[in-house]
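Notes for the one structure printed next.
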Amino acid sequence: MTPISGSGGARHRGLATLLCGALAAGGLAAAGTTALGPGAASASSHREAPLVSGTPQYDNTDLYAFVSPDRPDTTTLVANWIPFEEPAGGPNFFTFAEDAQYDLHVDNDGDALGDLVFRYTFTTHTKNEATFLYNTGPVTSLDDPDLNITQTYDIELIKLHGGKEASRTAMAHDVPVAPSDVGRASMPDYGALRDQAVHELAGGARTFAGQADDPFFLDLRVFDLLYGGNLSEVGNDTLKGYNVNSVALQVPTDMIVESAGQPVVGVWTTTRRKNAQGEFTQVSRLGNPLVNEVVNPLKDKDAFNASQPADDARFLRNVTHPELPKLIEAVYKIEAPAEPRDDLVDVFLKGVEDLNQPPHVTPSEQLRLNTSIAPAAEPERLGVLDGDNAGFPNGRRLTDDVIDAALQVVEGELVGAANDLGDAVDANDKEFGSAFPYVANPTEGSRGPLADGTGGGNDVRNQLGDALRPADADDTTLIAASAGAGAVGILLIGGALAWWRRMRGRAY
């Protein structure tokens with residue numbers, strides 16, 4: 001297969017196509033896992049497997065890899081954890097796990113074995129355990145004494161040879177994490193906090209860790225019997241308004257590639273959790289979107305998350321004979337492609353020939369990126385399908401519509417069967433940044449009117465003694481109402497005591 005010159009432009013979608021597209025997304029992902037020799041595992045995965053769905057701090061949700069648009073001599077990796085963060089989900093807001101190793105893996109020679117691991121580990125700090133509050137006043141900086149719960153992290157670079165550790169280097173220590181965005185009263189300028197969490201590393205690298213808007217966009221009602229079996233609800237960005245915890249790393253490209261003559265890298269992420277014996281065990285893995293989510297059946301999902309690329313052949317049949325196209329055919333009478341689905345192996349397990357396929361590649365499920373492809377001035381949401389070779393499946397940008405692109409490829413777009421499949425969700429609800437870390441700010445936990453005194457730099461703690469009240473409340477009315485309520489309460493209590501004494505016949 002060769003890079004595609006775009007069919008571009010607006011694409012018309014019929015209802016049946018729309019439906020098929022959403023469903024086929026799974027099929028595509030499945031195909032991605034298909035002919036794995038070693039190597040394929042991981043998926044854009046929100047709660048995709050039984051075990052990890054109960055432990056969201058360890059759950060990879062998405063992985064992105066792209067040449068930095070504003071610094072084209074660098075490559076940016078963005079990995080997300082903790083799906084479906086409800087922005088107001090306090091008082092214990094969202095932290096990275098302290099007993100986890102969050103790893104970004106790079107295979108720079110196409111042998112399905114990692115050559116570099118960037119390892120993030122986190123530590124939580126509590127200033128005041130005598131309060132239930134995440135913050136005790138407005139937070140204006142990451143070292144603000146009112147930010148009660150904070151996290152810092154370390155980064156290690158582990159170099160491997162033949163799958164075994166060859167060296168280990170500390171890249172950063174005690175870097176502050178951007179907090180959860182509790183709300184406007186607590187964090188009146190969250191953007192400033194975000195900026196302070198961008199940390200410069202030696203050699204021109206940058207790192208960020210903290211809360212962000214979930215950049216993945218799609219309609220998840222596919223899981224309700226394939227859009228209810230009648231396409232009654234499509235086109236809703238189900239992840240709108242939810243946050244994730246992001247790790248972003250920007251490194252000079254020559255730091256991760258094998259050589260200037262071999263600029264293709266494969267990337268994936270894992271989470272390793274400390275067990276009762278004090279050893280770390282892999283519990284989540286993610287490369288291309290959706291693989292473990294809709295390709296593997298329940299019996300294989302947890303094993304898939306714990307597996308190594310070299311083990312992926314054990315899941316091969318799930319890919320060559322995927323369930324999803326059969327479901328689509330059963331519900332919507334759209335004929336499933338013939339099996340086995342070897343047609344997708346080249347694209348999703350080896351990389352596109354003459355674009356992002358390493359020489360002598362060992363098939364494996366990784367997100368492959370040719371770092372020598374310059375960023376597009378105007379990215380197309382369908383990436384390579386629309387002639388934009390800087391986009392998915394050559395890596396993955398935040399704006400890439402991987403659902404639609406994957407569906408169209410699975411349904412034969414690359415072999416002459418042009419189609420316009422999609423889920424009718426074409427973009428994220430929030431605009432992404434133009435500079436590192438690029439992810440959009442999180443949705444804040446509270447978006448209502450502010451109480452008096454919470455703006456203009458006043459300390460909320462000073463207002464708590466007077467009881468926070470709506471900004472438009474009248475002082476006299478409020479005081480009178482409070483006094484009246486107190487008097488009524490006293491009368492009620494007194495009456496109850498008198499009644500109880502009569503009933504008991506006691507003289508006190």
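Within region 290-316, track down each residue that is touching a Phe, Trp or Tyr at 6+ places or on another chain (Cβ under 9 Å) and not in a helix (DSSP H, G or I).
Answer for region 290-316, where residues must be touching a Phe, Trp or Tyr at 6+ places or on another chain (Cβ under 9 Å) and not in a helix (DSSP H, G or I): V295, N296, S307.
With respect to the numbered conditions (1) open to solvent by less than 40 Å² (accessible area, probe 1.4 Å); (2) touching a residue at least 60 places away in the same chain (Cβ under 8 Å); (3) out of contact with any strand residue (DSSP E or B) (no Cβ under 7 Å at 6 or more places or on another chain), which one is the sole condition not fulfilled by R194?
Answer for R194: the failing condition is (3).
Please tell me if G433 is closer than 30 Å to P138 by Cβ, surrounded by fewer than 24 Cβ atoms within 10 Å (Cβ to Cβ) and modelled with pLDDT under 95.
Details: closer than 30 Å to P138 by Cβ: yes; surrounded by fewer than 24 Cβ atoms within 10 Å (Cβ to Cβ): yes; modelled with pLDDT under 95: no.
Answer is no for this residue.
Show the residue pairs that are 6+ apart or on different chains and have beta-carbon atoms under 7 Å apart, the first residue being within region 251-275 and farther than 22 Å from Q357 by Cβ, the second being open to solvent by 30 Å² or more (accessible area, probe 1.4 Å) and aromatic (F, W, Y).
Within 7 Å, the pairs are R272/F280; R273/F280; K274/F280.
Is it the case that some residue within region 204-218 is among the basic types (K, R) and either assigned to a strand (DSSP E or B) or closer than 25 Å to T124 by Cβ (or both)? Talk me through it step by step, then tell me what you get.
The initial filter retains those residues of region 204-218 that are among the basic types (K, R), namely 206.
Now narrow it down to the ones that are either assigned to a strand (DSSP E or B) or closer than 25 Å to T124 by Cβ (or both): 206.
Yes, that holds for at least one residue.
Would you check which residues across region 262-279 are aliphatic (A, V, I, L, M) and open to solvent by 70 Å² or more (accessible area, probe 1.4 Å) and list them?
First pass over region 262-279, keeping only residues aliphatic (A, V, I, L, M): 264-265, 267, 276.
Scanning region 262-279 gives a single hit, A276.
For region 234-266, which residues satisfy the criterion of being assigned to a strand (DSSP E or B) and under 18 Å from G445 (Cα atoms)? It would help to see each step written out before you state the result.
The first filter runs over region 234-266 and keeps only residues assigned to a strand (DSSP E or B), leaving 243-252, 259, 262, 264-266.
Of everything in region 234-266, those that are assigned to a strand (DSSP E or B) and under 18 Å from G445 (Cα atoms) turn out to be N243, V244, N245, S246.
Modelled with pLDDT under 75 and open to solvent by 10 Å² or more (accessible area, probe 1.4 Å): which single residue out of S7, S44, S53 fits that description?
On the way: S44 fails: open to solvent by 10 Å² or more (accessible area, probe 1.4 Å); S53 fails: modelled with pLDDT under 75.
Criteria check complete, one pass: S7.
Would you pick out the residues in region 135-173 that are without any contact (Cβ under 8 Å) to a residue 24 or more places away in the chain, farther than 18 Å from L104 by Cα and open to solvent by 20 Å² or more (accessible area, probe 1.4 Å)?
Within region 135-173, P145 is the sole residue that qualifies.
So which of A88, A112, A79 ends up being in a loop (DSSP other than H, G, I, E, B) and closer than 30 Å to A390 by Cβ?
Details: A88 fails: closer than 30 Å to A390 by Cβ; A79 fails: in a loop (DSSP other than H, G, I, E, B).
Residue meeting the stated conditions: A112.
Kindly list the number of the only condition in (1) at pLDDT 95 or above; (2) touching a Lys or Arg at 6+ places or on another chain (Cβ under 8 Å) that fails for Q196.
If we test Q196 against (1) at pLDDT 95 or above; (2) touching a Lys or Arg at 6+ places or on another chain (Cβ under 8 Å), just (2) comes out false.
If A248 meets every condition in (1) open to solvent by 20 Å² or more (accessible area, probe 1.4 Å); (2) closer than 28 Å to N428 by Cβ apart from one, which number is that one?
(1)
Residue by residue, here is whether (1) surrounded by fewer than 18 Cβ atoms within 10 Å (Cβ to Cβ); (2) outside any helix (DSSP H, G or I); (3) modelled with pLDDT of 75 or more holds:
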residue: N318; (1), (2), (3): no, no, yes
residue: I328; (1), (2), (3): no, no, yes
residue: A338; (1), (2), (3): yes, yes, yes
residue: L344; (1), (2), (3): no, no, no
residue: F348; (1), (2), (3): no, no, no
residue: N356; (1), (2), (3): no, yes, yes
residue: H360; (1), (2), (3): yes, yes, yes
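The values are calculated or read from the model by the stated rules, or taken from the named source; none is laboratory data. No experiment lies behind these values; they were computed from the predicted model shown. Cβ coordinates were reconstructed from backbone atoms using ideal geometry, including for glycine residues, and neighbour counts include every protein chain displayed. Areas reflect the complete protein model, heavy atoms only, side chains present, ligands, DNA and RNA absent. Shrake-Rupley method; radii C 1.70, N 1.55, O 1.52, S 1.80 Å.
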